[in-house]
Amino acid sequence: MFDIYLLNTDHFLTDIPYLRSLLSIDEWQRVERFKQKIQADKSCIARANLRIILSKYLNINPAKIIFDYNQKGKPFLKDYPHLHFNLSHTDNLIVYGISDHLMGIDIENINKKVKFQELAQRFFCPSEYILMNQINPENEAKLFYTLWTAKEAYLKAIGEGLSGGLDSIELSYNFQNEDVEITSAKIREEWQIKNCKINDNYLVSVAIKSKDELPDNLTIKKFEKY
C-alpha cells in the first residue's frame, strides 16, 4: 500500500480554529514558535491534516492520535508500527506519503534559482556533479531538483534528514525515461525511488523501502476539505 496526497494550504486558512483543536499541546507549542502568522498557519494546516489523513487508515478520532519522535525529530506511530508516513511542503503546497513500508517524500519548486553547480559540487557525489556539468543549461534545474528531492526523500525515510548527508546515497539519471536511478548497490537492493512533476513548477520524489517496483507514473490524490 502506498498513497500520496497533495493539498493547497490556501484552501484551509479559514479552518484554523478547527484544525488547531486537533493538535496536541506539544504540536501547538511547535506551531507557535513561528514568528510569522502565515508560517504558523501553514504548520497548523500541515500537522492537523496529517492527523485527519492518518485517521482514515486507523479508523480513530484524529485528535486521539499520539505521535512519538526519534532522536532527529521524525514522528512515528508507536502504537501502529505497520503504518508509515512522511510529509513535505514548499510554498503553499503540502504532500503526504502513507505506506505500510518505511518511506519518505519531498517536494520542491523547480523554478527556484540557486547556484546549481556550486551546490552540486558541495553536497552531491562526484559522479552526480559530473552529470550536472554534462547537462544542457535549460535542463539544469530539473536535473538538480530531481536528484536533490530523491536524496532528501531517502534521508527523511531513514529518519536522518539532511544531516545524514546528501552524498550518502549515489544516484544516476535515466534521460530516456526521465527518472532517477539508485547507483549505491546496497541501497538499490532494498529501496525504490520515483519522481514526478505535479506541473511545470513543482516536482515530487518518493523513497520507499521495498523490493517491489513502484509504478512508472505515480498517482497523487488531491486532498480536499474533510
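Bear in mind that the values in this text are calculations on the coordinates, not laboratory data. Being a predicted model, the structure only gives us computed values, none of them experimental. As a convention, Cβ positions derive from the backbone with ideal geometry for all residues, glycine included, and neighbour counts pool all protein chains shown.
Loop by DSSP (not H, G, I, E, B), at most 15 other beta-carbon atoms within 10 Å: where is the longest site-free stretch of the chain for GluC sites (Glu not before Pro)?
On the way: sites that count: GLU178, GLU213, GLU224.
By the stated rule (loop sites, at most 15 other Cβ atoms within 10 Å), 1-177.
Going by amide H atoms built from the backbone, whose H comes under 5 Å of the H on THR183, apart from near neighbours?
GLU170, LEU171, SER172
Where nothing but the Cβ of Lys and Arg (+1) and of Asp and Glu (-1) is charged, how large is the charge dipole of the chain around its Cα centre, in debye to the nearest 20?
Numbers: 29 positive and 31 negative charges, 173 e Å.
The calculated dipole for the chain is roughly 840 debye.
For Rg and Dmax of the Cα atoms in Å, several values are listed as (1) 22.1, 84; (2) 19.0, 60; (3) 17.7, 52; flag the one computed from this structure.
Only one option fits the structure, namely (3).
Select from TYR202, TRP28, ALA157 the residue farthest towards the positive end of the dipole of the chain; place +1 on Cβ of Lys and Arg, -1 on Cβ of Asp and Glu, and compute about the Cα centre.
TRP28
Going through the DSSP H helices of the chain, which span 24 Å or more along their own axis at the Cα atoms while scoring at least -1.0 as a mean Kyte-Doolittle hydropathy?
Values: long enough: 37-58 (31 Å, 0.15); 140-157 (26 Å, -0.12).
Span-like helices here: 37-58, 140-157.
Rank THR183, THR146, THR14 by mean-square fluctuation in a GNM of the chain with C-alpha springs under 10 angstrom and give only the top-ranked residue.
Its mean-square fluctuation being the largest, the pick is THR14.
Based on the mean of other Cβ atoms within 10 Å per residue, sort peptides 63-72, 17-26 so the most packed one is first. Walk me through the intermediate numbers first.
On the way: 63-72: 12.0, 17-26: 14.0.
Ranking the peptides 63-72, 17-26 by packing returns 17-26, 63-72.
May I ask you to compute the full-extension gain from LYS211 to ASN139, defined as 0.36 nm times their residue separation minus their alpha-carbon distance, rounded to one decimal in nm?
On the way: separation 72, 0.36 × 72 = 25.92 nm, distance 3.04 nm.
This chain segment gains 22.9 nm when fully extended.
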